[in-house]
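A.B. asks: The structure under discussion is supplied below as structure tokens; questions concerning it will follow.
Please treat every number below as a calculation from the coordinates, not as lab data. If you're wondering where the values come from, they're calculated on a predicted model, not measured in any experiment. Virtual Cβ from ideal backbone geometry, glycine too; neighbours counted across all protein chains shown.
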Amino acid sequence: MDDIKKVMLPAAIVLLALLIYASTFVVKEYETAIKLRLGEIVGSDYDPGLHLKVPLLNNILTFDARIQTLDSRPERFLTIEKKDVIVDSFTKWRISNAAQFFRSTGGDSARTARLLSERINTSLRDEFGKRTIQEVVSEERLALMKELTKQIDAQATELGVDVVDVRVKKIDLPPEVSESVYNRMRAERERVARDLRAKGSEAAERIRADADRQRTVIIADAYKEAEETRGQGDAKAAEVYANAYTADPEFFAFYRSLNAYQTSLGAGDSTLVLAPDSDFFKFFGDMHGASSEMAAPAEPPQASAPMPMPGYSSRMR
């Protein structure tokens, strides 16, 4: 009996362990599960942890409850302007109701992706058909994506999934349309560039004309000021010459004659022919210039003929 007990005890422990193992199942943090009994769902949406089941009678199916990405193929849609656009989009979704998910898709991810794609394409076609190209490529695209997410999430409830987000990655024009659109855009940009160049040329001419006007005004003002200054200087010089003459007329006449002698007689090989009794030689006979009958006082100088200084030439007539 002792030998039988020694053999049966370990066997009983092993059977008990197997029974416990077969009667429990574990749901991980990122999973959701359903319990089947002879193919019928008797439990779903178990929390992470250890749970019980009836061995051989219950069957456990687990599904990934994390957010998954459905990257759809680019599709061609028609806008309200009857223009084709090629839209590339993706969708974020996750299982919300494991039992409904199993009933609708059989737990097949490929089938789920196909069913979601059909609904997404239908919603995209409807929404793009209500909008222009300008609206779907501008900031209004955010409102479009929010509306798409709301619509598709409502439709995906029957699949047991939640649509978290729908995003349009890229919107392209068909190849046969792109070239004409680019040509129109290029022509528009060239028109704007020509307009800007014309405005720039107009501004440049206006600035250049204003600069020329200011230059003319500045030169005229400077010439006016120079002439006024020159006139004041000539008046001052005439006044000085007149005062000098009236102070001593005889010395002034003698001084001018000496300048004339220096200029005419000191000029190298020059020859000067004059009559002996000419007034030009009046100071040679007498220091007061009284030897000539024509020794009359010289007329006072005019303002236009200033007195020459020593060392400067004076032309005699």
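A.B. asks: Net charge around ARG213, counting only other residues with Cβ within less than 13 Å of its Cβ (Lys, Arg = +1; Asp, Glu = -1)?
C.D. replies: With Lys, Arg at +1 and Asp, Glu at -1, the neighbours total -1.
A.B. asks: Okay, next question. Once you place label points 7 Å from the Cα toward the Cβ at GLU158 and ILE41, how far apart are they in nm?
C.D. replies: Once both label points are built, they end up 1.5 nm from each other.
A.B. asks: Pull up the cross-link candidates among the lysines for LYS224, meaning alpha carbon to alpha carbon under 21 Å and not fewer than 8 places away within one chain.
C.D. replies: Straight-line reach from LYS224, under 21 Å: LYS236.
A.B. asks: Using the per-residue mean of other Cβ atoms lying within 10 Å as a proxy for protection, in what order, highest first, do the peptides 232-241, 118-127 fall? Intermediate results must be reported in sequence, preceding the final value.
C.D. replies: Numbers: 232-241: 12.4, 118-127: 16.8.
Final packing ranking: 118-127, 232-241.
A.B. asks: If you don't mind, another one. Could you pull out every residue, at least 5 positions away or on a different chain, whose amide H is within less than 5 Å of the one on LEU173? Hs are placed 1.01 Å off N in the peptide plane, and Pro or chain starts have none.
C.D. replies: Hits under the 5 Å cutoff: ILE86.
A.B. asks: Apply the Karplus parameterisation 6.51 cos²θ - 1.76 cosθ + 1.60, with θ equal to phi minus 60°, to every residue of the stretch 12-25 and state each ³J(HN,Hα) to the nearest whole Hz, in sequence, with x for glycine and proline.
C.D. replies: For the stretch 12-25, the Karplus curve yields 5, 5, 5, 5, 5, 5, 5, 5, 5, 4, 6, 9, 10, 8 Hz.
A.B. asks: Let me ask something else. Regarding the stretch 1-129, what's the average projected area of the Cα-atom convex hull, expressed in nm²?
C.D. replies: 10.5
A.B. asks: Give, to the nearest whole percent, the P(r) tail of the stretch 35-84 beyond 18 angstrom, counting all Cα pairs. Walk me through the intermediate numbers first.
C.D. replies: Details: 707 of 1225 pairs.
The share of Cα pairs beyond 18 Å in the stretch 35-84 comes to 58 percent.
A.B. asks: Report the net charge of residues surrounding GLU75, where surrounding means a beta-carbon distance below 10 angstrom and charges are Lys +1, Arg +1, Asp -1, Glu -1.
C.D. replies: Numbers: positive: ARG73, ARG76, ARG125; negative: ASP88.
For residues surrounding GLU75, the net value is +2.
A.B. asks: At 0.36 nm per residue, minus the direct Cα-Cα distance, what do GLU135 and LYS83 gain on full extension? Give it in nm, one decimal, please.
C.D. replies: Separation in residues times 0.36 nm, less the Cα-Cα distance, equals 17.4 nm.
A.B. asks: Here is a further query. If eta is 1.567 mPa s and T is 4 °C, what Stokes-Einstein diffusion coefficient results for the stretch 2-64, Kirkwood Rh from Cα pairs, in µm²/s?
C.D. replies: Translational D for this selection: 98 µm²/s.
A.B. asks: Whose amide H sits under 5 Å from the amide H of SER44, counting only residues 5 or more places off or on another chain, with H placed in the peptide plane?
C.D. replies: The answer is LYS35.
A.B. asks: Rounded to whole Hz and in sequence order, give me ³J(HN,Hα) for the stretch 201-211 from the Karplus expression 6.51 cos²θ - 1.76 cosθ + 1.60, θ = phi - 60°, writing x for Gly and Pro.
C.D. replies: 5, 4, 5, 5, 5, 5, 5, 5, 5, 5, 5
A.B. asks: Ratio of Rg to Rh for the stretch 68-178, alpha carbon only, Kirkwood?
C.D. replies: On the way: Rg = 14.6 Å, Rh = 14.4 Å.
That ratio equals 1.01.
A.B. asks: Note down the magnitude of the dipole of the stretch 68-178 about its Cα centre, charges +1 on Lys and Arg C-beta and -1 on Asp and Glu C-beta and zero elsewhere, to the nearest 20 debye.
C.D. replies: 200
A.B. asks: If packing is taken as the average count of other Cβ atoms within 10 Å, what order do 225-231, 39-45, 98-104 fall into, highest mean first?
C.D. replies: Descending packing order for the listed peptides: 98-104, 39-45, 225-231.
A.B. asks: Using alpha carbon centroids, what distance separates the stretch 33-103 and the stretch 120-191, in Å?
C.D. replies: When both Cα centres are located, 25 Å separates them.
A.B. asks: Beyond a 32 Å Cα-Cα separation, which of these cross-linked pairs lie in this structure: LYS53/LYS146; LYS83/LYS146; LYS28/LYS150; LYS35/LYS146? Display every interim value, and only then the final one.
C.D. replies: Numbers: LYS53/LYS146 42 Å; LYS83/LYS146 23 Å; LYS28/LYS150 30 Å; LYS35/LYS146 36 Å.
Going by Cα-Cα distance, LYS53/LYS146; LYS35/LYS146 fall outside the 32 Å limit.
A.B. asks: May I ask you to evaluate 6.51 cos²θ - 1.76 cosθ + 1.60, the Karplus curve with θ = phi - 60°, for each residue of the stretch 159-164 and list the ³J(HN,Hα) values in order in whole Hz, giving x for glycine and proline?
C.D. replies: 8, x, 10, 10, 8, 7
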